[in-house]
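K.L.:
Right, I'll just put the structure down here and ask away after.
FYI, it's all coordinate maths here, none of it is from the lab. Please read these numbers as outputs of a predicted model, since none were measured by experiment. Virtual Cβ from ideal backbone geometry, glycine too; neighbours counted across all protein chains shown.
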Amino acid sequence: MQLLLDNLSAVLIGSVCILILSVTQIRSSHAGIEQTAAHSVKTKTLVFGQWIERDILDLGRNMGQNRYRFNQPTNASNGNTTEFRFWSDSVCVVTCSFPGSVTIAAGDTVRRHVRYRLIATRTVSMRNTDGSSTTRQLYQLQREAAEAAITDGVAAAVPTTRWRADRWSIGTLSFFQVRMLLRDGAVTTDPEAGDYIMVRFAVVPEWILQPENYIRELYWSTTLKVRPFWEPPPEES
Amino acid sequence: MPQTMLGLLALVLASFVAFNQQRITQQSYRAALRDEIEIAASGTAQHVIEMLGARSFDEQSSPARVFQAGGVPTSAAQFTAAGSFANDRGTLGCDLMDPVDTPLCDDIDDVNGLRTVVVEARLSDGRTLPFTADINVVYVSSPGATTASTTPTLHKRVDLTLRSSLLPDLPNGILSVSRVISYDPMKADADMESMCGAIGSSNSPCRTGGSVGAPG
C-alpha cells in the first residue's frame, strides 16, 4: 500500500496508459474483423455478379433466328424477384445423359432450363442512417437446372421433380430484382418485347458486428442486352 | 519527479500509438466506403452506356428519318457533322437512366457535351445513390482508334465520367468508361420497322416527320 502511495502519480499514469492501449487493441481487432468481412462481401458480390452476367448473356443461345427465351420474372410485394426462368438450346454431338432419365441422341437438340429461386433464410438486425434499428430479411438465391428433349421443334414440359440445384448459390442477399427493359429503358412485362435484362442485388456481410459493420450492404447492378430480335441478314452466295 | 516524467512520457507514447491507430482505421473505412460507391457507380455506368447503345447511331438513322428516306443511310457522309452534335436534343435534355422520358434525345450524339447530369444507382426500398455524369461523343476512324475524327465516320466513341459528392477528393471522377458504338444498318432497319412499320405504310406514325418518341 505504501508502495502505491509513494508512486501514486506513476500508478495513475500507468493505469491510463494501459487503458488506452487496451482500447486501441480492441478497436484494432474490431477493425481487422471488419476489413475481412468487407473484403469477403466485396469478393462475393463481384463473383456472383460475374455468374449472373454469364447466365444472362448465354440465355437463348442456339435458339435459332431472332429468339431469346425467358419468362416474366415473378416478383414479391417487396419488389424482390422470387423466381426467374430462362432457357437455351444445345446440340448433343454424342449421346447426352442428364439427371432425371433424360437421354438425348447424338445430333438431337436439348433445351436447358435454368431457374433462379429466392429463398428466405434468416433475419439480421442492422442500424439505419437515422440510428434506429431495423430487421432485414436475408435470402439465398438458388440456381436450378433441368433439361428437356426437343421433338419436332417442341420442347417437352419439365416436371417439378426434375429441377436440381446446379452450380452456384449465394446466401446473404438482402435484395434481388430482375427486370425486363425496352430499348428506351421502360420496364416491360412482355418477354417478347424485352431487349434488356436488368439485374440488381444487395449483399450483406457474413458477420454482423456490434457496433455495426461500416459496410452494411454492397449494391451491384447490371443491364445486359439479350440476343437481338431481328432477322439476321441472309448470307451472300 | 523522475517517475512522474517517465509516466508522462509513457502517456505521450500511448497517445501517439492510439491516434495513429485511429488514423489507420479511418483510412481503411474510407477505402471500404469508396469500394462500395465504386461498385454502385460501375453498375450505373453500364446501364447508361447500354441505354446509349440502344439509341439510333445518328439522327439520319433514327426510325422516322429512315422511314421518310425510304431506307437506311448507306455512307458516313450522310451523318451529322462533328460540329453539329446535340443540336436536336430538345429542351428537356437527356435522361440517361430512362431515355423514354426524353424522346427527342434519340441518337447517340445528342448526349454530347452533357455536364453534371444526375444519374442514380437504384438501391433497395426505393433508396438511391446519386452521381453526376459528364459525356463526350466524338467520331473515330475505327473501333480501336484513339484520336477523334473531324469528319463523320461509321464509329462514335462515347466517353462517360461519373462523379460522386460523397468522394469530393476525386476531381477526375470515380469512374470513366469509354465505348465505341458502330453504325449497324440492321439495327436501324429493325428499329424503324418496330416503331414505324414497313416503309411506305400509310398508317405509320412516322409519315409526318420528326421523332416519334422512344429512342432507338
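K.L.:
Among A:205, A:99, A:73, which one moves the most in a GNM of chain A with springs linking Cα atoms closer than 10 Å?
P.N.:
Of A:205, A:99, A:73, the most mobile in the Gaussian network model is A:99.
K.L.:
Tell me, what is the percent relative contact order of chain B, built from C-alpha pairs under 8 Å that lie six or more residues apart?
P.N.:
It rounds to 25 percent for chain B.
K.L.:
Excluding same-chain residues fewer than 8 positions from residue A:42, which aspartates and glutamates have a Cα within less than 13 Å of its Cα?
P.N.:
A:34, A:206, A:217, B:35, B:36, B:38
K.L.:
Kindly state, to the nearest 0.05, the FRET efficiency for residue B:26 paired with residue B:91, given R0 = 41 Å and r defined as their beta-carbon distance.
P.N.:
Given R0 = 41 Å and the Cβ-Cβ separation, E is 0.35.
K.L.:
Could you point to the residue in A:158, A:49, A:133 farthest towards the positive end of segment A:23-225's charge dipole, with +1 and -1 charges on the Cβ of Lys/Arg and Asp/Glu respectively?
P.N.:
A:133
K.L.:
Going by C-beta contacts inside 10 Å, put A:225, B:156 in order with the fewest on the left.
P.N.:
A:225, B:156
K.L.:
Just tell me which lysines come within less than 17 Å, Cα to Cα, of residue B:187; anything on the same chain fewer than 8 places away is out.
P.N.:
Within the straight-line cut-off, residue B:187 pairs with A:225, B:156.
K.L.:
Could you tell me which of B:5, B:31, B:152 has its Cα farthest along the dipole of chain B towards the positive end, charges placed at Cβ (Lys, Arg +1; Asp, Glu -1), taken about the Cα centre?
P.N.:
Checked the options; the winner is B:5.
K.L.:
Now for a different question. Pick out which of A:218, A:59, A:21 has the largest mean-square fluctuation in a Gaussian network model of chain A, springs linking Cα atoms closer than 10 Å.
P.N.:
A:21
K.L.:
Taking only Cα atoms and a 10 Å spring cutoff, compute GNM fluctuations for chain B and point out the largest among B:98, B:169, B:110.
P.N.:
With Cα springs under 10 Å in chain B, the top fluctuation among B:98, B:169, B:110 is at B:169.
K.L.:
Using +1 on the beta carbon of Lys and Arg, -1 on that of Asp and Glu, and nothing else charged, what's the dipole of chain B about the Cα centre, debye to 20?
P.N.:
The dipole magnitude comes to about 580 debye.
K.L.:
Could you quote the convex hull projected area for segment A:23-225, Cα atoms only and averaged over all directions, in nm²?
P.N.:
Computed as one quarter of the Cα hull surface, the answer is 14.4 nm².
K.L.:
Can you sort A:183, A:143, A:127 by how many other beta carbons sit within 10 Å, fewest first?
P.N.:
Sorted ascending by nearby Cβ count, the order is A:127, A:143, A:183.
K.L.:
If each of residue A:18 and residue A:151 carries a label point 7 Å out from its Cα toward its Cβ, how far apart are those two points in nm?
P.N.:
Inter-label distance under the simple model: 8.3 nm.
K.L.:
Segment A:1-85: Rg/Rh from Cα coordinates, Kirkwood Rh?
P.N.:
Rg divided by Rh gives 1.54.
K.L.:
Output the relative contact order of chain A, whole-number percent, from Cα pairs under 8 angstrom with separation of 6+ residues.
P.N.:
18
K.L.:
What spacing in nm lies between the two simple spin-label points modelled at residue B:5 and residue B:151, each 7 Å away from Cα in the Cβ direction?
P.N.:
Output for this residue pair reads 8.5 nm.
K.L.:
Extending each Cα 7 Å along its Cβ direction at residue A:192 and residue B:17, get the distance between those two points in nm, one decimal.
P.N.:
Spacing of the two 7 Å Cα→Cβ label points: 7.3 nm.
K.L.:
Between residue A:25 and residue B:123, what's the calculated FRET efficiency when r is the beta-carbon distance and R0 is 25 Å? Round to 0.05.
P.N.:
0.10
K.L.:
Okay, next question. Using the Kirkwood radius over Cα pairs, work out the Stokes-Einstein diffusion coefficient for the protein assembly as shown at 25 °C and 0.890 mPa s, in µm²/s as a whole number.
P.N.:
95
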